[in-house]
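Novice: This is the structure I have questions about; it appears just below.
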Amino acid sequence: MLNRIIRLQAVLEVISNNTALALDHISYQLAQTRAVVYQIRLAVDYLLADEGGICGKFNSSECCLEIDDKSELFPSKFQRENFLNEKNQASTGGSILPRIPDMCEPGQKVTPSAFQKEMSLTTKQRLARAKKLTLPQIVQPQAKHETSHHKSSATDPEQSSFQPCPPEVVFQNYSPGQVCEIPVLLRNRDKVPHLLKVTLESLPYFKLVGPNDVYRKVPPGLYTTVRILFTPAENKDYFHKLVCITEREEFIVPIRAIGARAILDFPDQLDFSECPVKYSTQKTLLVRNIGNRAAHYQLSTQSPFSVIPAMGALDIGDAMQVTVGYEPLKAGDCSTSLVVHYDTGEDTYTSLHGRAVDVAIGLDRNSVTFGETYITLSKRTTVRIHNLSDITARFQWKAVDTQGEEELKLRRYHRLCQLEKDKFRDLEACGVDTTRRELFPNLIRRLQSEKAKAQGDPVLFKNDIFSIEPKEGEIRPNCWAEISVFFKPREARVYEQAGYCDISGREKRLPLHLIGEGLGPRLRFSYEELDIGEVFLTANLRYKTILLNRGLIAAPFSLVPPTTAMGSCFTFLTQEGIVAPNGLQAIWISFRPTILGAFEERFQFSVAGSPTPANLTIKGFVMAPTLRFDVPTLHFGDVSYGECALGLHQSVRGFPRTLKCRLFNTSLVPLDVNLHIPGDGSGQPSVESTDQMLRLSSQSWRKEARGVMKPREFAISPCRVGVPAQGSADIQVALCSNTVGDYKLELVVDVDGVGKNVLALTLTARCIVPPLRVLNPAVWFDHCCLQTPYTEKLTLVNDSDFPGCYCLLPQEDKEKAAAWYSSSVPSGIIEAHSSVEIPITLEAQLVGECNVPAELAVFGREGSPLVRARGDVCPKPLLPVVCKVYRDSSRTLRYLAGVDKDRRHWWHKQQLMPRKEKKGGSVMSGNFSA
């Protein structure tokens with residue numbers, strides 16, 4: 001049961017779909033039928049327009065036909081669009097009848113024959129032609145009338161609700177006084193009726209047949225007809241307008257009467273067929289004025305076509321010659337129009353067509369190559385232009401290959417001239433002196449003349465190196481022309497330039513490649529490389545070379561200054577000059593090398609007019625000068641502190657001796673040398689023993705008196721000397737040592753202009769301070785009288801193999817001392833393995849036993865031996881005894897610890913010696929012990 005219900009439902013759906021489709025087809029057919037009926041009705045009304053259409057023909061006011069579209073059904077989208085398009089076409093008055101184009105339609109080009117045919121039509125013939133109906137332009141929108149019952153409209157508010165037919169009323173080919181009549185149909189395009197009022201301003205020439213300025217009701221889809229009468233007074237143009245007003249808009253139907261017209265019988269087309277490119281081909285036309293009015297015309301066309309005359313006048317029936325030229329710049333087909341502009345506003349178009357081709361014209365060769373040409377000289381050759389065509393070819397030699405580049409160059413030049421002109425105008429506007437102000441008009445005129453010259457300048461070929469003669473000319477048919485080409489180089493290089501022959505009959509300019517090589521002076525050295533071999537540093541050398549000119553022109557030359565350090569060691573005595581053709585120039589070269597090693601220098605002489613300089617390469621090897629000493633080393637041996645090395649194994653006090661050596665120069669150049677010892681001190685010169693012994697102050701014998709900087713201990717004589725080539729120089733070196741220890745230094749030789757540390761000689765020595773000792777550390781003065789000097793001797797012993805320098809230092813703080821001491825010979829030099837006695841004088845200052853220390857300094861030793869002077873001091877001097885008195889007496893023996901055996905024996909002997917006494921006083925003869 002359920003399946004049956006489902007099948008029944010499917011059958012019902014199929015029936016419903018088919019029914020809907022059938023209704024769509026019926027509705028579509030009805031729409032098409034309505035459109036066909038409407039088109040037939042419109043065509044019949046248009047044919048019966050003179051009689052008022054179908055309604056006027058049958059004199060029936062109820063002959064309207066209205067088709068209601070409220071119940072119409074639309075099919076599928078594609079069908080609905082086609083249906084609506086056809087409907088709109090029918091509603092806007094579209095006609096399926098063929099029509100003849102109107103010459104007044106915008107964008108429509110009218111040929112002379114069509115214009116002649118159009119102007120020959122009568123008013124009825126023109127009206128009978130089918131025209132494209134256009135909606136009139138709304139002049140002023142109107143508000144709907146209060147009595148209107150239709151509040152909505154189906155038409156576009158921006159478009160008129162009425163369609164006039166014809167859209168423009170035109171009268172033509174009329175005679176003065178003849179009455180002409182044209183009916184105008186005004187169809188209601190809307191789906192609602194509208195009130196229409198037609199107004200025509202009353203003029204002597206135009207009248208409206210029927211009620212004027214009265215509203216009439218026009219049903220939808222139907223029309224009303226008005227008639228316009230035209231009575232011309234003369235054969236001229238008239239203009240008027242028919243004003244139509246509805247409740248929603250106001251629009252105008254133009255009225256125009258076309259009077260007499262001039263007609264020039266130009267052909268509809270003019271074909272030039274094949275023509276040579278860049279050649280002017282002309283055709284002359286005989287044109288007559290076949291109209292009924294004198295022609296005032298202007299003729300115009302577009303490049304590459306031209307027409308002469310451009311304007312003029314031609315009476316009725318007269319004829320004239322019109323020349324149409326065709327000068328194409330490019331090959332190929334070209335089409336344009338020849339436009340005839342009449343003074344009455346009409347234009348006719350004659351089609352112009354031509355085809356440009358290249359003809360048999362060309363150069364006998366495309367390139368010209370000149371051989372080597374010396375600068376300031378010139379060469380000439382020829383090129384032929386062959387014209388194998390039937391035209392007279394005109395040629396010009398240009399510098400660029402296209403017309404576009406030529407125009408760009410001209411525009412750039414014009415712009416430059418304009419900028420300069422504006423600049424001068426700005427300067428003129430500023431405050432300047434009178435003299436310059438007077439020059440401005442002249443400058444402006446000159447700029448203007450240059451601008452005019454630039455506009456007329458064909459940019460002919462112009463070059464400073466290549467020249468072509470003649471630059472322009474003509475070649476007759478089947479002839480040739482000879483062109484001279486000149487080459488005059490200014491520099492020695494390869495020149496390349498292109499000239500272009502712009503000639504009639506060829507679209508592209510014929511290129512001519514010009515190649516030439518400029519040859520400068522051929523200046524060369526007699527040899528390009530000079531090998532000077534091995535040379536010594538700072539040697540003064542001279543060489544000679546030859547500059548040769550193998551060319552046919554003079555060769556000015558100049559030396560290019562060298563930029564290298566080795567190059568600056570060379571001096572060219574002749575640095576510039578001129579070598580005559582096939583001549584020579586000797587060049588002297590001075591060389592003083594200052595840099596060691598191998599070298600290869602390239603010197604250039606620039607030659608005027610030649611890009612290649614004359615090159616000379618000089619190479620060689622600079623050797624350092626060879627020096628040597630006659631001894632391998634200077635050995636001073638052991639040297640005492642403060643003693644000058646006076647000899648290798650001897651010394652003479654006070655007269656320095658030297659170690660000698662000899663410096664040999666084995667090179668071929670003299671040398672200036674400096675000798676120095678880098679390891680030597682940089683302070684004051686060292687102090688010799690003979691000088692030190694004269695310094696008696698305590699400060700000069702102490703270490704702090706030597707200063708902070710190390711003293712100079714070596715003396716070189718001479719320290720600077722000139723050694724001749726392959727000669728020698730004697731050198732003396734003295735050493736005065738003030739430093740205890742071993743020496744191992746070098747005597748360094750610096751050579752001026754060569755370098756430092758060229759040669760070194762080893763120096764060796766050892767400085768020793770001899771160990772001196774005091775034989776009697778204590779000096780005994782026994783009994784001394786107050787402020788009475790007493791002298792004793794101090795023995796100093798040198799057991800070493802070296803001499804020494806000593807000094808008994810002066811007493812310090814004498815004001816506080818109990819006794820003063822001094823020495824008549826406080827300092828001196830003690831020889832090796834010897835002794836010396838130093839006298840010491842004591843002068844007591846206080847009564848009692850005194851013990852005064854004295855310091856004995858040794859030159860070069862840090863510490864000094866201490867010596868003491870002792871004695872007993874009496875208050876006043878004792879007078880000698882007049883008589884000798886002897887008596888027994890006892891004495892006490894004193895033992896002095898720390899005194900050697902000999903000293904104690906001497907002391908005991910003095911104590912046991914008997915005294916001499918005298919009555920009334922006693923005097924002791926002998927020494928006081930202390």
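For every residue, the table says whether it meets (1) within 30 Å of Phe266 (Cα to Cα); (2) surrounded by fewer than 13 Cβ atoms within 10 Å (Cβ to Cβ); (3) modelled with pLDDT under 85; (4) not assigned by the TED database to the domain that holds Tyr174.
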site	(1), (2), (3), (4)
Pro106	yes, yes, yes, yes
Lys132	yes, yes, yes, no
Leu135	no, no, yes, no
Ser148	no, no, yes, yes
Phe162	no, no, no, no
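Novice: Would you say Thr617 is under 18 Å from Leu537 (Cβ atoms) and either in a strand (DSSP E or B) or touching a Leu at 6+ places or on another chain (Cβ under 7 Å) (or both)? Break it down into steps so the answer makes sense when it comes.
Specialist: On the way: under 18 Å from Leu537 (Cβ atoms): no; either in a strand (DSSP E or B) or touching a Leu at 6+ places or on another chain (Cβ under 7 Å) (or both): yes.
When the stated conditions are applied, Thr617 does not pass them.
Novice: Sticking with this one: Within the range 108-122, restricting attention to residues that are among the charged types (D, E, K, R) and in a helix (DSSP H, G or I), which residue is farthest from Val170 (Cα to Cα)? Before the answer, list the steps.
Specialist: In the first step, residues of the range 108-122 are kept if they are among the charged types (D, E, K, R); the result is 109, 117-118.
Going one step further and asking which of them are in a helix (DSSP H, G or I), we end up with 117-118.
Values: Lys117: 16, Glu118: 12 Å.
Going through the qualifying residues, I end up with Lys117.
The rows are residues; the columns are (1) closer than 19 Å to Met693 by Cα; (2) touching a strand residue (DSSP E or B) at 6+ places or on another chain (Cβ under 8 Å); (3) open to solvent by less than 60 Å² (accessible area, probe 1.4 Å); (4) without any contact (Cβ under 8 Å) to a residue 24 or more places away in the chain.
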| position | (1), (2), (3), (4) |
| --- | --- |
| Ala760 | no, yes, yes, yes |
| Arg773 | yes, yes, no, no |
| Asp782 | no, yes, yes, no |
| Thr788 | no, yes, yes, no |
| Val797 | yes, yes, yes, no |
| Leu808 | yes, yes, yes, no |
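Novice: Counting just the residues of the range 164-173 that are open to solvent by less than 10 Å² (accessible area, probe 1.4 Å) and touching a residue at least 40 places away in the same chain (Cβ under 8 Å), which one comes out farthest from Arg126 (Cα to Cα)? Don't jump to the end; show me each part of the working.
Specialist: The first filter runs over the range 164-173 and keeps only residues open to solvent by less than 10 Å² (accessible area, probe 1.4 Å), leaving 164, 166, 169, 171-172.
Now narrow it down to the ones that are touching a residue at least 40 places away in the same chain (Cβ under 8 Å): 164, 169, 171-172.
On the way: Pro164: 16, Val169: 10, Phe171: 8, Gln172: 8 Å.
Restricting to residues being open to solvent by less than 10 Å² (accessible area, probe 1.4 Å) and touching a residue at least 40 places away in the same chain (Cβ under 8 Å), the top hit is Pro164.
Novice: Considering each of Ser697, Ser640, Ser682, Ser651 in turn, give the residue that is modelled with pLDDT under 85 and open to solvent by less than 20 Å² (accessible area, probe 1.4 Å). Before the answer, list the steps.
Specialist: On the way: Ser697 fails: open to solvent by less than 20 Å² (accessible area, probe 1.4 Å); Ser682 fails: open to solvent by less than 20 Å² (accessible area, probe 1.4 Å); Ser651 fails: open to solvent by less than 20 Å² (accessible area, probe 1.4 Å).
So the residue among Ser697, Ser640, Ser682, Ser651 that is modelled with pLDDT under 85 and open to solvent by less than 20 Å² (accessible area, probe 1.4 Å) is Ser640.
Novice: Considering only the range 720-743, state which residues are polar (S, T, N, Q) and over 23 Å from Phe636 (Cβ atoms). Before the answer, list the steps.
Specialist: Kept after step one, since they are polar (S, T, N, Q), are these residues of the range 720-743: 726, 728, 732, 737-739.
Answer for the range 720-743, where residues must be polar (S, T, N, Q) and over 23 Å from Phe636 (Cβ atoms): just Gln726.
Novice: Another question, if that's okay. Filter the range 589-613 down to the residues that are open to solvent by 70 Å² or more (accessible area, probe 1.4 Å), in contact with a strand residue (DSSP E or B) (Cβ under 8 Å, 6 or more places away or on another chain) and farther than 17 Å from Glu529 by Cα and list them by number.
Specialist: Arg592, Leu596
Novice: Follow-up. Here is a check on your reading of the model: is Asp364 over 30 Å from Gly516 (Cβ atoms) and exposed (fewer than 13 other Cβ atoms within 10 Å of the Cβ)?
Specialist: Working: over 30 Å from Gly516 (Cβ atoms): no; exposed (fewer than 13 other Cβ atoms within 10 Å of the Cβ): yes.
So Asp364 does not fit the description; no.
Novice: Quick one: what pairs do we get from the range 490-513, first residue farther than 10 Å from Leu363 by Cβ, second polar (S, T, N, Q) and in a strand (DSSP E or B), C-beta under 6 Å, 6+ apart or different chains?
Specialist: Going by the 6 Å Cβ cut-off, the qualifying pairs are Asp502/Gln396; His513/Ser367.
Let's see how each residue does on (1) open to solvent by less than 50 Å² (accessible area, probe 1.4 Å); (2) at pLDDT 95 or above; (3) of a type outside the set (Phe, Trp, Tyr); (4) not in a strand (DSSP E or B):
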| position | (1), (2), (3), (4) |
| --- | --- |
| Gln282 | no, no, yes, no |
| Arg293 | no, no, yes, yes |
| His296 | no, no, yes, no |
| Gln302 | no, no, yes, yes |
| Lys330 | no, no, yes, yes |
| Asp333 | no, no, yes, no |
| Thr344 | yes, no, yes, yes |
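Novice: Please go through the range 281-300 and pick out each residue that is closer than 17 Å to Asp343 by Cα and within 54 Å of the chain's Cα centre (by Cα).
Specialist: Correct list: Ser300 only.
Novice: Taking the condition of being part of a loop (DSSP other than H, G, I, E, B) and among the β-branched types (Val, Ile, Thr), how many residues in the range 582-614 meet it? If you could, list the steps in order and put the result at the bottom.
Specialist: First, the residues of the range 582-614 that are part of a loop (DSSP other than H, G, I, E, B): 582-583, 592-596, 608-613.
Right, trim to among the β-branched types (Val, Ile, Thr) and you get 594-595, 612.
Residues meeting the conditions: 3.
Novice: Hey, can you tell me all the residues within the range 352-361 that are open to solvent by 50 Å² or more (accessible area, probe 1.4 Å) and part of a strand (DSSP E or B)?
Specialist: If we filter the range 352-361 for residues that are open to solvent by 50 Å² or more (accessible area, probe 1.4 Å), which is where we start, we get 353, 355, 358, 360.
Of everything in the range 352-361, those that are open to solvent by 50 Å² or more (accessible area, probe 1.4 Å) and part of a strand (DSSP E or B) turn out to be His353, Arg355.
Novice: Let me ask something additional. How many residues does the range 22-33 contain that are open to solvent by 90 Å² or more (accessible area, probe 1.4 Å) and among the aliphatic types (A, V, I, L, M)?
Specialist: Residues that pass the stated criteria total 1.
Novice: Turning to a different aspect of this structure: Given the options Ala20, Ala43, name the one that is closer than 26 Å to Val226 by Cα, part of a helix (DSSP H, G or I) and at pLDDT 70 or above. Working first, answer last.
Specialist: Details: Ala20 fails: closer than 26 Å to Val226 by Cα.
Answer to the selection: Ala43.
Novice: Right, here's the next one. In this structure, does Thr373 turn out to be over 19 Å from Leu286 (Cα atoms), open to solvent by 20 Å² or more (accessible area, probe 1.4 Å) and assigned to a strand (DSSP E or B)?
Specialist: Numbers: over 19 Å from Leu286 (Cα atoms): yes; open to solvent by 20 Å² or more (accessible area, probe 1.4 Å): no; assigned to a strand (DSSP E or B): yes.
For Thr373, the condition - over 19 Å from Leu286 (Cα atoms), open to solvent by 20 Å² or more (accessible area, probe 1.4 Å) and assigned to a strand (DSSP E or B) - is not met.
Novice: Evaluate the range 565-581: report whether one residue or more is modelled with pLDDT under 90 and assigned to a strand (DSSP E or B).
Specialist: No, the range 565-581 contains no residue that is modelled with pLDDT under 90 and assigned to a strand (DSSP E or B).
Novice: Here's a follow-up. Select from the range 340-358 the residues that are farther than 18 Å from Lys117 by Cα and not small (Gly, Ala, Ser) and list them in ascending order.
Specialist: First, the residues of the range 340-358 that are farther than 18 Å from Lys117 by Cα: 343, 352-358.
Of everything in the range 340-358, those that are farther than 18 Å from Lys117 by Cα and not small (Gly, Ala, Ser) turn out to be Asp343, Leu352, His353, Arg355, Val357, Asp358.
Novice: Being assigned to a strand (DSSP E or B) and either of a type in the set (Lys, Arg) or open to solvent by 30 Å² or more (accessible area, probe 1.4 Å) (or both) is the filter here, so list the residues in the range 185-207 that pass it. Give the derivation first.
Specialist: First, the residues of the range 185-207 that are assigned to a strand (DSSP E or B): 185-188, 194-200, 206-207.
Once the filter is applied, which keeps residues that are assigned to a strand (DSSP E or B) and either of a type in the set (Lys, Arg) or open to solvent by 30 Å² or more (accessible area, probe 1.4 Å) (or both), the range 185-207 yields Arg187, Leu195, Lys197, Thr199, Lys207.
Novice: Let me ask something else. Which condition number does Ser737 fail, the rest of (1) hydroxyl-bearing (Ser, Thr, Tyr); (2) open to solvent by 20 Å² or more (accessible area, probe 1.4 Å); (3) assigned by the TED database to the domain that holds Asn665 being met?
Specialist: (2)
Novice: Go through Leu584, Leu659, Leu663 for me and flag whichever is at pLDDT 90 or above, outside the structural domain of Leu377 (by the TED database), of a type outside the set (D, E, K, R) and open to solvent by less than 50 Å² (accessible area, probe 1.4 Å). Quick ask: steps written out before the conclusion?
Specialist: Working: Leu584 fails: open to solvent by less than 50 Å² (accessible area, probe 1.4 Å); Leu659 fails: at pLDDT 90 or above.
Leu663 is the lone residue from the list that is at pLDDT 90 or above, outside the structural domain of Leu377 (by the TED database), of a type outside the set (D, E, K, R) and open to solvent by less than 50 Å² (accessible area, probe 1.4 Å).
The values are calculated or read from the model by the stated rules, or taken from the named source; none is laboratory data. These figures come from a predicted structure and were not determined experimentally. Counting neighbours? That spans all protein chains shown, and the Cβs are built from the backbone with ideal geometry, glycine included. For the accessible areas, the whole protein counts, side chains as well, though only heavy atoms, and no ligand, DNA or RNA atoms are used. Shrake-Rupley method; radii C 1.70, N 1.55, O 1.52, S 1.80 Å.
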